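Visitor: First the structure, then my questions, so here it is.
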Amino acid sequence: MSAMRVDAKVVMLGKESVGKTSLVERYVHHRFLVGPYQNTIGAAFIAKPIQVGEKVITLGIWDTAGSERYEAMSRIYYRGARAAIVCYDMTDTSSFQRARFWVKELQNCEEHCKIYLCGTKSDVIEGDRSLRQIDYHDAQDFADEIGALLFETSSKTGNNVDELFQKVAEDYNTTAFQYMTPEETGVDLGQKKDSYFYSCCHNN
Amino acid sequence: MDGEAQRSTASWENATLAPVDSLRSERAESPMPGLVEGTEPGAGQKSAMFVHAQSFEDLTAEGEDEREAELDKSGECADELKVLVGEKSVEEQHNIDVTSETRTKEEDVCSEAWRSHRKHVFVLSEAGKPIYSRYGTEEALSSTMGVMMALVSVVEADKNVIRSIHADGCKVVFLTKSPLVLVGVSRTSQTDKELLRELLYIYYQIVSLLTLTQLNHIFQHKQNFDLRRLLAGSEYLTDNLLHRLDRDPGLLLSAVTCLPLASSARDVVSSGLQAAKSESLVFSILLAGDRLVTLVRKKDQFLHHIDLHLVFNLVGSSSSFREGEGWTPICLPKFNTAGFFHAHISYLEPASQLCLILVSTDREDFFNMSDCKQRFLERLSKRSAYQALKEALKCPSYSVEQVAIPELRHFLYKSKSSGLYTSPEFPEVYQSDAEQERLMGLYQDLHSSLHHPSRPLRSFYRCGESENLLAWVTSGFELYLCFSPLGTKALALSAVNKLLKWIRKEEDRLFILSPLTY
Ligand SMILES: Nc1nc2c(ncn2[C@@H]2O[C@H](COP(=O)(O)OP(=O)(O)OP(=O)(O)O)[C@@H](O)[C@H]2O)c(=O)[nH]1
Ligand SMILES: [Mg+2]
């Protein structure tokens, strides 16, 4: 067993069924699972090393459940996160509202967390343009307003997915040593536990 | 079902097989009638793993075996509540009308098909708001639910009095568990008590997602709160639990079954879990599909089999734990309805059936749990026991032929003191789902007779057209046997001893005889 260092905590947020799990699945396992949709229960954690220039950075990705039931729990998943991928389904207006909620929440509680807005299921829109409910420019305006980057992705085709996570890792790499958040240096016991040594599953 | 015909040919013996309670038999000796609790085949050697409870009586003894909440999480809970019931902005209210759009069970609630389902289950709030319906969407059923609510308020004189209505081959059973009301409508031959037991399971399923404290809090603040908002995406857990209730002997027997495994290998696995402990860890559970491999618990903390079945249901219903490591709040209602535990759920290997559940009291402790799992896996993978375990997965059951009792087709044997049961795989004649459910229905009938509230039976022999059945209960075990229709009663009676001897011989493999604690 090798103890693997998790460099950056990344949290996936967004309304249920917008495609958070599918994004992670596509990025980590390069696949898209068809079949009945399975809600995430609570949250799932996965560590993924990624090459940035000369360096390897390990993202510790928290794929949270969108169900409102877990909302009260969400803080433990995004606390101390260096990046949040806030997802909405481009064919579902209400999911964009929910994305705004998460952005507000992050701005209030996690000021050092960089936000990436992610419009999902672009393949569906390509199939039938009339299905698009969230205008690209509206989303871009919102992204500008909050200082976020916008990606439109498809986990089905893989479109823009690697680019999204690559950007997350690169941004982390360039800003990593600019500042330490108070929570990282603090003595909050709870915080200590989810920092930064994570034992990886690849034994032997 | 041909239940009526079978019933009329049924005959029961009351005293002939009754054990002589004074006759204690030592563990090592052959198991004879007269077994007392703790010495029956399958009884654990040290201490029980589960809360000791004949949970069939749970309904009446509600709360009796509730453990005192050792772990006071009420403070934390209150915090979470604030967030949950806090005023929602208009914006958010907006995106909340989504609850049932993902339901796939759109079904015309006026259709004959809908009406003819064997068993309907409805959950509503005390204000009459729909929360769950097994078939059809809750919206379409809101007027039906309204009628039910009216019935509930009429039939119940005071709180927690449970009544039922019988009409036209149909039974309607009400269970009021404030702030929820559960209604079962059944065309099966199940007794009210059986139906209530099932409703109680559904109630616990909902509590396990939200905690009772939170439920109460919500409805105290907003009587007509739409609970589906919070349960969105969990309907399939309830659907699956209902399915299990029809099929899983464990839920009927209030017991759990184990993966057959050489005790030497099981002990290595158990001690591996015992070694991978952590301050906040309360239960370590290793599952192989629907079977328990082992369970290690904190000293003095017991898991109730209902809670364990809820965990089984959670893990078994969802493929979502296949991805990475799951970390989810879960309330174990028989342990403590007030607070959440936090479960680390992961498979030992990507495509493995072996799922490890580490139940912690601390929601911040994910990485510690992850580390425990790693330590366990590292230790286990070095030992030959891991190979033995993987081998055992290939034959997770056994055929009834191994027992070598003529005409015996199937059986259920529960050791009362360990809360574990064993049962062979279904033979050829019960291969179809329908046949398996029919057999389960017969076992349920026997179970009802043995546990009849006013005249419980110790044994019961029943001849049917398709099979003959014998049920027998002592203070140590419960046994249900299914014979081909060629079997005779004498044969059945003589089979009991033979079977008990066989189980005694195999108990090392079929049961967990030395449960561990940390
Ligand atoms: N066509 C298409 N379907 C997608 C895409 N991403 C996700 N889906 C589908 O959308 C549904 C929900 O996807 P998930 O990834 O499970 O959604 P989630 O956000 O993780 O949902 P929760 O875990 O409940 O919060 C599934 O049926 C997916 O197959 C996509 O890029 N294209
Ligand atoms: Mg998900």
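Visitor: Which of the residues spanning region B:341-369 are of a type outside the set (S, T, N, Q), open to solvent by less than 10 Å² (accessible area, probe 1.4 Å) and either within 9 Å of chain A (Cβ to nearest Cβ) or within 16 Å of B:Arg297 (Cα to Cα) (or both)?
Guide: B:Phe341, B:His342, B:Ala343, B:His344, B:Ile345, B:Leu356, B:Ile357, B:Leu358, B:Val359, B:Asp365, B:Phe366, B:Met369
Visitor: Here is a check on your reading of the model: is B:Glu378 of a type in the set (Asp, Glu), open to solvent by 50 Å² or more (accessible area, probe 1.4 Å) and away from every other protein chain (no Cβ under 14 Å)?
Guide: Working: of a type in the set (Asp, Glu): yes; open to solvent by 50 Å² or more (accessible area, probe 1.4 Å): yes; away from every other protein chain (no Cβ under 14 Å): no.
No, not satisfied.
Visitor: Of everything in region A:32-82 that's in a loop (DSSP other than H, G, I, E, B) and among the hydroxyl-bearing types (Ser, Thr, Tyr), which residue is most open to solvent (accessible area, probe 1.4 Å)?
Guide: Going residue by residue through region A:32-82, those that are in a loop (DSSP other than H, G, I, E, B) are A:32-42, A:53-54, A:65-67, A:79-82.
Cutting the leftovers down to among the hydroxyl-bearing types (Ser, Thr, Tyr) gives us A:37, A:40, A:67.
Values: A:Tyr37: 109, A:Thr40: 19, A:Ser67: 10 Å².
Within region A:32-82, the match that is most open to solvent (accessible area, probe 1.4 Å) is A:Tyr37.
Visitor: Here is a follow-up. Before we move on, is B:Gln444 surrounded by fewer than 16 Cβ atoms within 10 Å (Cβ to Cβ) and in a helix (DSSP H, G or I)? Before the answer, list the steps.
Guide: Details: surrounded by fewer than 16 Cβ atoms within 10 Å (Cβ to Cβ): no; in a helix (DSSP H, G or I): yes.
Spelling it out, it is not the case that B:Gln444 is surrounded by fewer than 16 Cβ atoms within 10 Å (Cβ to Cβ) and in a helix (DSSP H, G or I).
Visitor: For region A:12-28: of the residues being near ligand 2 (Cβ under 8 Å from one of its atoms), in a helix (DSSP H, G or I) and farther than 21 Å from A:Gly80 by Cβ, which is farthest from the other protein chains (Cβ to nearest Cβ)?
Guide: My answer is A:Ser22.
Visitor: Restrict the check to region A:94-106 and report whether at least one residue is more than 10 Å from ligand 1 (Cβ to nearest atom) and not in a helix (DSSP H, G or I).
Guide: no
Visitor: Contact list please: Cβ distance under 6 Å, first residue in region B:348-367 and free of Cβ contacts under 8 Å to residues at least 40 places away in the same chain, second residue in a loop (DSSP other than H, G, I, E, B), pairs at least six apart or on different chains.
Guide: B:Phe367/A:Asp194
Visitor: Give the residue that is farthest from ligand 1 (Cβ to nearest atom), with candidates limited to residues of region B:316-332 that are farther than 20 Å from B:Asn368 by Cβ and either hydroxyl-bearing (Ser, Thr, Tyr) or surrounded by 22 or more Cβ atoms within 10 Å (Cβ to Cβ) (or both). Can you show your working first?
Guide: Taking region B:316-332 as the starting set, the residues that turn out to be farther than 20 Å from B:Asn368 by Cβ are B:316-320, B:322-323, B:331.
The next check asks that each one be either hydroxyl-bearing (Ser, Thr, Tyr) or surrounded by 22 or more Cβ atoms within 10 Å (Cβ to Cβ) (or both); those that pass are B:317-320, B:323, B:331.
Details: B:Ser317: 14, B:Ser318: 10, B:Ser319: 10, B:Ser320: 7, B:Glu323: 10, B:Cys331: 20 Å.
By that ranking, first place goes to B:Cys331.
Visitor: Among the residues of region A:83-100, are any at the interface with chain B (Cβ under 10 Å from one of its Cβ atoms), without any contact (Cβ under 8 Å) to a residue 40 or more places away in the chain and open to solvent by less than 10 Å² (accessible area, probe 1.4 Å)?
Guide: No, because not a single residue in region A:83-100 is at the interface with chain B (Cβ under 10 Å from one of its Cβ atoms), without any contact (Cβ under 8 Å) to a residue 40 or more places away in the chain and open to solvent by less than 10 Å² (accessible area, probe 1.4 Å).
Visitor: Let me ask something additional. Is it the case that region B:471-478 has a residue that's crowded, with 20+ Cβ neighbours inside 10 Å and over 13 Å from B:Glu40 (Cα atoms)?
Guide: Residues of region B:471-478 that are crowded, with 20+ Cβ neighbours inside 10 Å, as a first pass: B:471-474, B:476-478.
Restricting the remaining residues to those that are over 13 Å from B:Glu40 (Cα atoms) gives B:471-472.
Yes, that holds for at least one residue.
Visitor: Now a separate question. Residues A:Phe142, A:Phe165: which one is away from every other protein chain (no Cβ under 14 Å) and not in a strand (DSSP E or B)? Walk me through it before giving the result.
Guide: Details: A:Phe142 fails: away from every other protein chain (no Cβ under 14 Å).
Among A:Phe142, A:Phe165, only A:Phe165 is away from every other protein chain (no Cβ under 14 Å) and not in a strand (DSSP E or B).
Visitor: Limited to region A:28-47, what total is found for residues that are away from ligand 1 (no atom under 11 Å from the Cβ) and free of Cβ contacts under 8 Å to residues at least 24 places away in the same chain? Even if it seems obvious, please write down each step before you answer.
Guide: Taking region A:28-47 and keeping what is away from ligand 1 (no atom under 11 Å from the Cβ), we get A:28-31, A:45-47.
Next, only the ones that are free of Cβ contacts under 8 Å to residues at least 24 places away in the same chain stay: A:29, A:31, A:45-46.
Adding up the residues that qualify gives 4.
The values are calculated or read from the model by the stated rules, or taken from the named source; none is laboratory data. Just so it is clear, the structure is predicted and the values come from calculations on it, not from any experiment. Please note: Cβ atoms are built from the backbone with ideal geometry, for glycine as well, and neighbour counts cover all protein chains shown. The protein model used for the area step is the full one, side chains on, heavy atoms only, and it has no ligands, DNA or RNA in it. Shrake-Rupley method; radii C 1.70, N 1.55, O 1.52, S 1.80 Å.
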